[in-house]
Structure formats: structure tokens, C-alpha cells
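Colleague: This structure is in C-alpha cells; I'll ask about it shortly.
The values are calculated or read from the model by the stated rules, or taken from the named source; none is laboratory data. Since this is a predicted model, take the numbers as computed values, not measurements. No Cβ is skipped: glycine too gets one built from the backbone with ideal geometry, and neighbour counts run over all protein chains shown. Surface areas here come from the heavy atoms of the whole protein model, side chains and all, with no ligands, DNA or RNA. Shrake-Rupley method; radii C 1.70, N 1.55, O 1.52, S 1.80 Å.
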Protein chains: 2
Amino acid sequence: MPPENSAAKVLHHLKQDVLAGYFEAGQKLKMSQLKERYQVGVNPLREALSQLVVMQLVQVQDQRGYRVCPVSQAELIDIYDTRARIESLCVGLAIERGDDAWEAGIVAAAYRLQSNAALLQANGDLQAWEQLHQQFHHAIVLGCGSTELLRVRLHLYEKASRYRNLWLQHNAGHAAFDVNQMEHEQLVTAVLARDISASQALVQQHILVPSQVLQNLL
Amino acid sequence: MPPENSAAKVLHHLKQDVLAGYFEAGQKLKMSQLKERYQVGVNPLREALSQLVVMQLVQVQDQRGYRVCPVSQAELIDIYDTRARIESLCVGLAIERGDDAWEAGIVAAAYRLQSNAALLQANGDLQAWEQLHQQFHHAIVLGCGSTELLRVRLHLYEKASRYRNLWLQHNAGHAAFDVNQMEHEQLVTAVLARDISASQALVQQHILVPSQVLQNLL
DNA sequence: CTTTTTAATAATGTCGATATTTTATTACTG
DNA sequence: CAGTAATAAAATATCGACATTATTAAAAAG
């Protein structure tokens, strides 16, 4: 375990709290409040907040402190649309470049997702399901072999988190989950068959369908 | 003019200094040194450095301070490869979505670049040329209309800056500049003709050729 | 009663100081 | 003389305190 300074620790917690919605969109982030919650002084806090500003999760106004970035339908559409295109790019490259270990990783992640999905849904543990879900998609795009592209992808995934949580809650115990699961099977088949255009079409749909559901919720 | 705090001011200067190569790749960034140069205390400095860490221009090691991110041939290839794909994506969308104002903006930027290129090359003002160059390409991709995609593009452009400076210096007064200029004319023609695949092929080449030159320099 | 002005309260941004940790130097030992 | 241990020097990370600025509340004027 890497020894982290308090700025790094508070960054991690603060980021989770913003992404999970503990701090609502647009909410003011007062120093006194944050000091209390994370048990650190202002300087590590300001470092963490500065980093979240670069990640576009927090806004800063000179002499007026920090606040959580607002959400909007326009941003939702843009993020999901861009994600769909980037993910498609990653998938195409991964199919071109992926080797045996890549294929095995996909099968393993798909198995883990499928075998735990029903239980986690019954428990209502949406975050655990989302983690397995994300690991499955990550196993696919990992084959693209581009650090930069994967970083861009991760950034967009994180920026989408606040919107995705709405979708997860809305669809808890809903039929959309089963549809989602079916799409995974189709995707695995297309990817392992090295069918680039089919895989890209499937993965774009897989991302854009939740976007359309969310547009009606905002 | 927006009133900025010292962290924002020092961030701007420090970023420029890293991108321009004033601080070399891998170099240790000592606080005493930075305090002297930017005339601020450690806390605004740490905020700025924290942001540069997120931008992947600076690395941090716990209790061992900050240093400029190293450069490598592998990173160069990855950045330029990814840039080529993202730029291609932007260009395709821009051609699909661009309107009259977009076309006019491209013609204007191309004109400004072409009319100043010879003079700036003679003066050896490579940075001014690069600025016009970048404004030209930005005028094209602006038509894609996606804030997120443009942000990703800008991030990759900035990450490529340190490598690009090598290319600029290497090609000062060289024939490659004229080839580069010719590629712009072809690109304008293809874009205004709304020929997506031709435009994408041209812009990919336009980015990848310098990458191949640079691979021999590192 | 609304608007403006003034006072108070609170919050932000920066610095200097300090404890802790790393790095460099010197001394020691096999 | 190389390698290691002890010491000295330097650098980092954090806090508390203070000056500046924004926000809120109260008072005064129209």
C-alpha cells in the first residue's frame, strides 16, 4: 500500500463523495464543513479541491470558494455521446490488437458479472454490480493497448458517474437490467468473433440507451 | 479581466514553463526554487502543482516532492496516435454538423495562417506560427459541437507540446514546413467539399508525419 | 414598506513556523 | 578501499494565525 499524504487521501474521499452524490450538484463546499468531515486543515483540502477542478467535478470562484459542478441535460448528452464514440474506438482497436490473454480476460469478467448479477440485484447492491459491470467493459477495451485512450475513457466514465447513479436507482429491480445483461452476451459473442463493426454498434447502443432513459429523468 | 488568485496565476506560468521546456523532463521541482521564480509561498505552489499532476505534466512522490513528467518514445507514439484518432473523429463530426459560420471560420483561419507563415518562418518565430497553425485546426474541429470531445482534444494537444517543440526546432527553415503548408490547402479543400473520409485521412497523416520524424529524434 | 447604507459576521487565501522525512556528508569498520 | 552506519543539512507536508474579501443582518433613509 502506497503511503499517501493527506491531500491524496482527502482527494479520494472527496471525489467519491461528489461522484456518489453525497454533495449535491451545485452545492457550496465550505471549508469549515470539509475540515470537519475529513479531519484535515485547509491546505490539503485546497490541494484536493484544485485537482477536482481540473477533473471538472468542482468549480472554483475567486474569493468565493468551491462548489460542486452543476449537472445539466446538455452535459449529460455530450458526455454519453462522446463516451459512446470513444468506447467504440477502443473496442475497434482492441479487436484488432487483442491477444489470447485479452480474450481470456473478457470471458472471465463476463462470467463474474453474470454469476453475481442476480444476487447483487436482489440485495440491491447497485454499486457492487456497477463495479463488476465496469470491469467487464474494461476487460474488453484493455486490448486497445493505448494508455492515453484508456485514460480519456476513464475520465469520461467518471464524469458520467453522477448521471449513471440516477440510472442505477431508477432501474433497480427493473427489466432494463435484464436487457442490459443480454446485450453483454451479444457483445462478448461479437468481440470474440472479431467482428469490429457489429461490436462497435452494440457498444454504442449499450451506452446510448441509458442516456436516452436519463434524458427523461432530468 | 477575471481576478485570479495566486494559485491560478502560478499555475498558468508554471504550465507554460513546463510545456515550453524551461523545466526539463524529469527535473526535480524544488519549492525554494519555485518560490523564488514565481514569488509566492508554498501553498499556492502546491495547489498549482497538484493541478499539473492531474494534467499529467508533473509527478508527485509522497514526501519527495514534485518533478516534471519524463518523456519517452512510447508516450510520444501513444499521444500522437491517439491525437490522430481523436482529431479524425472531430473532423468527421464537424463536417456532418458544421454550418456557414463554421466554413467562414475555417477560410479565415487558413488565410491568416497562409499570409503570415512566410514572415514568421523568416523571423524564426516558431511559437507564433504554431499558434496560428493551431487556430486553423481548431477552426475545423470546432464544428463538431462537442465540448467534451474538444476538451479531450485540447488535453492531448497540450500533452504533445513538449514533443512538438522538438519538431518545430528541428524543422526550422526546413522543407517540411512547406509540405505542412500544402497539406493545409488540401485539407481545406476536402473539408469544404464535405468529404469526410478524405478529410480524416489527411488530418491523420498531418498528425502522424511529425510523430514519425520525432521518433528518430528521441 | 421598499431600497440603500452601514455594521457584523463569516469565509477565503496566503504566509510563517514547525514537525517529519529524505538526502547528502562524514565517520567508521571489516 | 569498499561498504555501511551515524550525523548533518535540506526539503516536504501540515497547521495555526492573520489579512482580505464576501455575505448576511440590522439600521437608516426615501
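Colleague: Somewhere in segment A:113-132, is a residue among the aliphatic types (A, V, I, L, M), touching a Lys or Arg at 6+ places or on another chain (Cβ under 9 Å) and open to solvent by less than 20 Å² (accessible area, probe 1.4 Å)? Talk me through it step by step, then tell me what you get.
Modeller: Step one: filter segment A:113-132 for residues among the aliphatic types (A, V, I, L, M), giving A:113, A:117-120, A:122, A:126, A:128, A:132.
Filter once more, keeping what is touching a Lys or Arg at 6+ places or on another chain (Cβ under 9 Å): A:132.
If we keep only those that are open to solvent by less than 20 Å² (accessible area, probe 1.4 Å) too, we end up with none.
Within segment A:113-132 (the criterion being among the aliphatic types (A, V, I, L, M), touching a Lys or Arg at 6+ places or on another chain (Cβ under 9 Å) and open to solvent by less than 20 Å² (accessible area, probe 1.4 Å)), the answer is no, since none of the residues qualifies.
Colleague: Restricting the search to segment B:37-52, which residues are closer than 18 Å to B:Gln16 by Cβ, surrounded by fewer than 23 Cβ atoms within 10 Å (Cβ to Cβ) and within 10 Å of DNA strand C (Cβ to nearest atom)?
Modeller: Hits for segment B:37-52 are B:Tyr38, B:Gln39, B:Val40, B:Pro44, B:Leu45.
Colleague: Further, regarding this structure: What are the residues in segment B:28-44 that are near DNA strand D (Cβ under 9 Å from one of its atoms) and touching a helix residue (DSSP H, G or I) at 6+ places or on another chain (Cβ under 9 Å), if any? It would help to see each step written out before you state the result.
Modeller: The first filter runs over segment B:28-44 and keeps only residues near DNA strand D (Cβ under 9 Å from one of its atoms), leaving B:28-35, B:41-43.
Of everything in segment B:28-44, those that are near DNA strand D (Cβ under 9 Å from one of its atoms) and touching a helix residue (DSSP H, G or I) at 6+ places or on another chain (Cβ under 9 Å) turn out to be B:Leu29, B:Met31, B:Leu34, B:Lys35, B:Gly41, B:Val42, B:Asn43.
Colleague: Are any of the residues in segment A:22-36 open to solvent by 40 Å² or more (accessible area, probe 1.4 Å), assigned to a helix (DSSP H, G or I) and within 11 Å of another protein chain (Cβ to nearest Cβ)?
Modeller: No, because not a single residue in segment A:22-36 is open to solvent by 40 Å² or more (accessible area, probe 1.4 Å), assigned to a helix (DSSP H, G or I) and within 11 Å of another protein chain (Cβ to nearest Cβ).
Colleague: Would you say A:Ile95 is away from chain B (no Cβ under 14 Å) and under 16 Å from the mean Cα position of the chain (by Cα)?
Modeller: For A:Ile95, the condition - away from chain B (no Cβ under 14 Å) and under 16 Å from the mean Cα position of the chain (by Cα) - is not met.
Colleague: Of all the residues that make up segment B:61-91, how many are hydrophobic (A, V, I, L, M, F, W, C), open to solvent by less than 70 Å² (accessible area, probe 1.4 Å) and without any contact (Cβ under 8 Å) to a residue 60 or more places away in the chain?
Modeller: Looking only at that region, the number is 2.
Colleague: For segment A:2-21: of the residues being more than 13 Å from DNA strand C (Cβ to nearest atom) and open to solvent by 90 Å² or more (accessible area, probe 1.4 Å), which is nearest to the other protein chains (Cβ to nearest Cβ)?
Modeller: Once the filter is applied, the top-ranked residue is A:Lys9.
Colleague: Considering only segment A:140-167, state which residues are hydrophobic (A, V, I, L, M, F, W, C), over 17 Å from A:Gly92 (Cβ atoms) and buried (at least 17 other Cβ atoms within 10 Å of the Cβ).
Modeller: Within segment A:140-167, A:Ala160, A:Leu166, A:Trp167 qualify.
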